[in-house]
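Each value in this text was obtained by applying a stated rule to the coordinates, not by laboratory testing. Bear in mind that the values here come from a model prediction, so they are computed numbers and not experimental data. Glycine gets a Cβ as well: all are built from the backbone with ideal geometry, and neighbour counts include every protein chain shown.
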Amino acid sequence: MKCLILCGGRGVVDPISRNRIPKCLLKVGNRPLIWHVMKLYSSYGYTDFVLALGQEGDQIKEYFMNSFELLHDIEVNIADNNVKSLNKIPEENWTVKLIDTGISASTGARIARCERYLKHEPFFITYSDVLADVNINELLNFHKTNNKLLTITGINPPSRFGTFYQKGDSLSYDPNAKLEMHMSRINGGFMVANETIFTKLSPISECNLETEVFNALINEDQVSLWKHDGFWQNVDTERDIDYLQRSYEINKRPWLGIN
């Protein structure tokens, strides 16, 4: 199975270099967000990726064309400038297609514009700025069991503010609690789609997966929700990337299986 990763967006200012870069190239540890997302899928054996690029997509291409070479230990023969790799890296079995899907296209349009690379079998859809310890095999098995066109991972997001709990006259407070939405969940960004989803998509730039396609599929009873209550963190602000960086530095990396 292939994994489609949505890499659109307007980009962000890198807190280190202060240059504008695609959000997925913000670093956690010494690797960009996109690498961490792909590492999760590859840990389950899914190593065939399609990246739907948007604004600043050339920077993402440069990363995959150049930076991966720097992951190797090398030997340089100064006399003839011959360079030889001294080791193998797990990423060597990754296949990455980098597809320009336009600067201003919405998510549904980006998926539609990658149809030629995805249309023959079910595939994963995910965002390039969300890290989680999602069990990809359990997600896929749930999708197959429910036999819907699209499966969405539903999560209770971490709260940016402290949470108060009241039971009778007793009050407690947790500064790090998750939002507890008993009757609802938000889209956690890890999805599985059948290839027939392309009949619901359009390459027209305005086609939006979240605001248009989700409702159309729900009206046809073609969406299932798989609940995930483990680690989940999106990156919207510099505060978010700082949180992931701090977690990484103390060796708490649940999205990589390290707690």
Between Y173 and S202, 0.36 nm times their residue separation minus their Cα-Cα distance comes to what?
5.8 nm
What are the residues whose amide H is under 5 Å from the amide H of K2, where those residues sit 5 or more places off or on another chain and H is modelled from the backbone?
F124
Report the label-to-label distance for T145 and Q166 in nanometres (one decimal), using points 7 Å from each Cα along the Cα→Cβ vector.
3.9 nm
Counting only DSSP loop positions in the range 128-215, the GluC sites (Glu not before Pro) whose Cβ has at most 13 other Cβ atoms within 10 Å are E180, E206
What does the net charge come to around Y243 if you take all other residues with beta carbon closer than 12 Å to its beta carbon, with K and R at +1 and D and E at -1?
-1
How far apart, in nanometres, would the label points at V13 and K227 be if each is projected 7 angstrom from Cα along the Cα-to-Cβ direction?
4.2 nm
Size of electric dipole in the chain: Cβ of Lys, Arg +1 and of Asp, Glu -1, about Cα centre, debye, nearest 20:
180 debye
Write out the trypsin sites (Lys or Arg not before Pro) in the range 101-133 meeting two conditions: DSSP loop, and at most 14 other Cβ atoms within 10 Å of their Cβ.
K119
Which entries in the list K27/K200; K227/K252; K27/K144; K61/K119 go over 27 Å, if you measure between the two C-alpha atoms of each?
K27/K200; K27/K144
Listed residues M38, M65, M191, most fluctuating in the chain (Gaussian network, C-alpha, under 10 Å):
M65
Quick one: which residues, 5+ away or cross-chain, put their amide H under 5 Å from the amide H of F190? H built at 1.01 Å from N.
T153
Hey, what did the range 37-143 get for relative contact order, percent, Cα under 8 Å, at least 6 apart?
36 percent
Can you compute the charge dipole magnitude of the range 93-147 about its Cα centre, using +1 on each Lys and Arg Cβ and -1 on each Asp and Glu Cβ, nothing else charged? Give it in debye, rounded to the nearest 20.
280 debye
Let me check against my output: what whole-number percent is the relative contact order of the range 81-238, with C-alpha pairs under 8 Å and at least 6 apart?
38 percent
So how do T95, T151 line up by other beta-carbon neighbours within 10 Å, fewest first?
T95, T151
List residues of the range 183-197, by number, whose backbone nitrogen lies under 16 Å from a label position 7 Å along Cα→C-beta of Y243.
186-189
Zero-based 5 Å bins, Cα pair distances in the chain, whole percents:
1, 5, 12, 15, 18, 17, 13, 9, 5, 3, 2, 1, 0, 0, 0, 0, 0
Under-5 Å amide H pairs with N135, H placed in peptide plane, nonlocal only
none
